[in-house]
Every structure is written in C-alpha cells, then in structure tokens.
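Structure first, then comments.
Read-outs throughout are calculated quantities, based only on the coordinates presented, and are distinct from any laboratory measurement. Because the structure is a prediction, the values reported are computed rather than measured. When we count neighbours, we look across all protein chains shown, and the Cβ atoms used for this are built from the backbone with ideal geometry, even at glycine.
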Amino acid sequence: MSEAVRAFTIGSVECRVLPDGIMAYEPESLYAGLSPEDTGPAVSPLLDDRGLVPVPYHPLLVQTAAGPALIDTGAGLALAEESGEPVGRLPQALGAAGVAAEDVALVLLSHAHPDHIGGLTTKNSTGRRLVFPRARHVICRAEYQYWTSGRIPGDFAWMGELARQHLIPIEQAGLLDLVEGEQEVAPGIHIIPAPGHTPGHMAIWLASESQQAIFVADAVLGELGFTHPDWTSVFDTDRGQAARTRRQLLDAAARDTAIVAGYHLWGPGTAERHAGAYRWSPLR
C-alpha cells in the first residue's frame, strides 16, 4: 500500500497523518500464540515477497490554537540505519506539512517503544540534541517509570536503553510532563489511559465542536485488530489487558462515531460493532 500525508478535520481542527515510513515484521510477532492455520486466511494477503507484514509508522499532527501538536515522533534516523528499513522520515513529512520542528508546541508520547520515541533526540558532540526544543512533552508517569527503572524484562531490555537515551534528556531540560489518569492536556485534547501494550500506554481523544476522533496508538496494531480484537502481539507486555483495552477503545469510537487513527493504521477511518468484533471503514 502506498504512503501519503492524509488530512482530516474534527470541527475546526485539522489533523494530518504523517508518514514516517514502513517496517516489515514477522507475522508471528504481530499475531502471537496462533497457528498459521488460525491466521493464514486473514494474514496471507498482507505478506510481502519476503513473507513479512509491512507495517506503516504514522505520527499524527494536530493544529491547535497554541501551535502544532505532534502525537509520537517516529523511529528516528538511528533506528532507521540500524534496521535498514525505510523509516525515520518524520522530518520530511513535517516539512511537507509546512511545520518546522521548532514550531511544535506539544509532543504527546503514547508510549516509549523505540518506533514512537526515536525521533525525540539526535546525537551531537555533547550528548543528545532535542529535536523539538520548544515543545512541552507529555507521557504517562507509569510509562516513564517503567522504562527508566532499569528493571525491564530481558526481552525488552534494549527498548529500556533507548527509552532512557531519549527521555532523560527531555526530563533534564525541564520539558517533560508526567501525567496520570484521564485528563485534558490542551483544549480539545484528552489523554486516556490504555494499558496493556505497555504499562503506561495511552490513547488520545480529540474533540472540536460536535466532532470527535481517537488516536489509538498501538492499542490496534493494524486493520486486523478490528476483525480479530483478541489477537495479541509479542510486543504487548500484558496481552490480556491489551485485548480488553482494544475493545474498550473501539467500543467508545463506535458509540460516539469518532474518527479512528492509529500509529500502525494505513489511514484514518471509522469503526462499528459487527459480529462480536468491529468493521473498519477507511475514510475516503
């Protein structure tokens, strides 16, 4: 599927889906604990010629009265170089949207996995340079404490190292706000605890006039998350909670006819309840 900047509006607020690139994943990592017989009919059409699932990385840009707000920051150049995959392209996407990094007023971090925070800082001669030096950065307190504790389980230890590398310089600069619970962090922008994928994973609810949208981040790891909401990933720290959270968010989106955007969805759309799961309809 091709990548492009996709825009939608909620009331008077303009939102843009920004392409950071595409990373390919082993199907077994995205749909864990399931046999090929279980997943084959749904997953086979998604596979590339290497037998991998191409997954988009899509931060969201929200234009607010106080300045641009950015939800998640892409993989960053270092992760792009290490993986060899075509990611880390957020700077170009921001430029195409007419936004400079120095213009960004608010950065919301859904969680601290590398593909979401790799664009926060870059290496320079004295340590780390903040990419968004004028922005207030917001992350769930539980998320920050989990990844900076130094007690991350072995499978995720390398992620903890990268989280500390990017988050601590922002905290030291006095630009990191640790938040708890559901709250409005800017007019029309609410954070919603959405644990399971990570302990402090959060979704972002957007409202303007009578219209609403929800950025589900990694609570939905692709369009199959709608038709198979109980499938979970090796990247979920609590798979049972991840599935419960996914249903809660999609129930809310269906109830309120909210536009749904997600970091790993190809574009925005809507969700409705269907046959014990959900039907996904991309915006046209």
Estimated inter-spin distance, residue 65 and residue 105, nm [label 7 Å along Cα→Cβ]: 0.9 nm
Work out the charge dipole of the chain with +1 on the Cβ of Lys and Arg and -1 on the Cβ of Asp and Glu about the Cα centre, then indicate which of 100, 268, 156 is farthest towards its positive end. 100
Dipole magnitude (debye, nearest 20) for the chain, charges at Cβ of Lys, Arg, Asp, Glu: 500 debye
At 222 nm, what value in deg cm²/dmol follows for the chain if DSSP H runs of at least 4 each add -39500 (n - 2.57) and the sum is divided by all its residues, to the nearest 500? -7500 deg cm²/dmol
Could you let me know the centre-to-centre spacing of the range 236-280 and the range 110-137, using Cα atoms, in angstrom? 28 Å
Residue order, fewest to most beta carbons within 10 Å, for 113, 201, 190: 190, 113, 201
Give me 263, 144 sorted ascending by neighbouring Cβ count inside 10 Å, so fewest comes first. 144, 263
Provide the FRET efficiency to the nearest 0.05 for the residue 96-residue 35 pair, computing r from the beta carbons and using R0 = 51 Å. 0.75
